[in-house]
Every structure is written in structure tokens, then in C-alpha cells.
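The values are calculated or read from the model by the stated rules, or taken from the named source; none is laboratory data. Please read all numbers here as calculations on a predicted model, not as lab measurements. Here the Cβ positions follow ideal geometry from the backbone for every residue, glycine too, while neighbour counts run over all protein chains shown. All accessible areas refer to the heavy atoms of the entire protein, side chains included, with ligands and DNA or RNA removed. Shrake-Rupley method; radii C 1.70, N 1.55, O 1.52, S 1.80 Å.
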Amino acid sequence: MQWLTSLSNRLKINRLASTVIDSLWQANCPLCKRSTDRILCKDCDRQISACQSPEFLQVDYPISPDLPLYSWGIYDGALKRAIAACKYGNHPAIMEAIAEKIATTWKRSPHRKALIQNHKKLSVIPIPLHANKLKSRGFNQAEILARRFCELIALPCHPQLLQRVKDTKAQMQTKSITEREQNLSHAFTVPLQHRSPQTNPRSVILVDDIYTTGATIREAIATLAHSNLIVRAVIVISRPQFQK
Ligand SMILES: [Zn+2]
């Protein structure tokens, strides 16, 4: 946008032409449909920022006592609507806007330095979608989130390290813990060429959009561990409130 403005200034394009150029770059906010020159309009952006959780590090350590879960926001209100609009309304760019918020929070996090210092060659892996779902949705929201996040925090993103080989039901459709576990059992795999030797394990951060029961995350962690890819932290956009 800025380069277009400076180009039009340099070429002394008249006001009408500038307006035409501007209007080409105006899109509608995917959440409220108002015109905006950014991904989200200021108002929706503010509403999403208001969903930020007071604590980024989840102090109840719901995955395991030695594995930190970072959740940027509370899965409710504008943030919940934004995630749904992204996934079911075909607006992948919303994930980029949210990734920018998470990156800002991560850069300020006191735990970030220690994680990076203690684990050399740290990389980021998004929770993958099964090929069928990827085909119907057209994108993996966790991958878009992870890629933009990695660009901003200068860590490598390696979506190819983890694949989803089982077309599981949505976890919310499963009725019992046993059904949930069976649903996810062997859901993931690490392609042979990406497996690390036991003598040289690699450290990774897992990224996903929502943390609910943690069953998906746990299954992914176990699969990665079998291939000596050790998850050192999990970062998600959001987690429902009061779920302890
Ligand atoms: Zn809006």
C-alpha cells in the first residue's frame, strides 16, 4: 500500500487515479464487513485484543507438569468468532492478524529467552490437517498461524515434520474419553526422512488454534517423541475460560 502511494506521488497521478488505486486495496473486514485497508478493521481488531488472556503461560500446566502451554486468549466473543470466520468462512488471513498479536506477546514473554537458550535449533510445527480436510477447507489455519508467527519471531517453521494420516472426527463430536482417545490413536505420523536419531533429538514448539481437552496435542507430542522430536512448548491462540 505504501509503495503504491509513493509510486503514485512520484508519477504525479491525479487525485482520481489515486482514489481508484486506494479503492483497489480496500477490502471488507471479514468479521463486520466494513471497509478496511488492513486484514481486520480497527474495531474488530480492538475487540479481539480484548479477548487476550491475562496470563500467556497457563499456570495449571494442563498437558504435563514439565511442558508449558501458552494460550494467547480466551476462546470466547470476538476471538471465537474470528477463528470460526477463518475456518468456516474461508478467511485464512485472519490467522495472520492473530499470529502478529501472539508474536508480540511471545517476544515479551520472560520464558522465551530460556527456551531458546536451552534448546538449540528450535523449530515450530503446526498441528496438521488430514488431506481430506485440507482439500475441503483449502488451507490449514494452524499452518498459516505458525508460518506468520515464525516469520515474526525468526524461528524456522517445519510443517512437513508431522502429518495427519487418520481422518478423525472433530473431537467435539466424540462422546467419551475412550472414544476421544480411539479417535485420535495413530492419527499422526512423522515421515521417515524427518525422524531424528535417538542420539540427536530435536526440540520443537507445537502450534495450534484451540486447546480444549488437549487430546490432539498429546497424541501429536507422543508421535513426535517416537521420532525423537521433543516438544518443549505448545502455543495456541486460545483456550476456553474456566477449563482447568
Ligand atoms: Zn470489522
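If a residue has to be open to solvent by less than 20 Å² (accessible area, probe 1.4 Å) and basic (Lys, Arg) to count, how many in segment 112-155 make the cut?
Matching residues across segment 112-155 total 0.
Looking at Lys166, is it within 18 Å of Val190 (Cβ to Cβ), open to solvent by 40 Å² or more (accessible area, probe 1.4 Å) and not in a helix (DSSP H, G or I)? Working first, answer last.
Working: within 18 Å of Val190 (Cβ to Cβ): yes; open to solvent by 40 Å² or more (accessible area, probe 1.4 Å): yes; not in a helix (DSSP H, G or I): yes.
Judged against the criteria, Lys166 is a match.
Within segment 31-42, how many residues are surrounded by 14 or more Cβ atoms within 10 Å (Cβ to Cβ) and out of contact with any Pro (no Cβ under 9 Å at 6 or more places or on another chain)? I'd like the intermediate steps shown before the answer.
Within segment 31-42, the first condition is being surrounded by 14 or more Cβ atoms within 10 Å (Cβ to Cβ), and the residues that meet it are 31-32, 36, 39-41.
Then drop every residue that is not out of contact with any Pro (no Cβ under 9 Å at 6 or more places or on another chain), which leaves 31-32, 36, 41.
Qualifying residue count for the region: 4.
Residue under question is Ala50, and the condition is that it be open to solvent by 50 Å² or more (accessible area, probe 1.4 Å) and among the aliphatic types (A, V, I, L, M); does it hold? I'd like the intermediate steps shown before the answer.
On the way: open to solvent by 50 Å² or more (accessible area, probe 1.4 Å): yes; among the aliphatic types (A, V, I, L, M): yes.
Taking the combined requirement at face value, the residue satisfies it.
Polar (S, T, N, Q) and either modelled with pLDDT under 95 or not assigned by TED's automatic domain parsing to the domain that holds Thr212 (or both), is that true of Gln117?
So Gln117 fits the description; yes.
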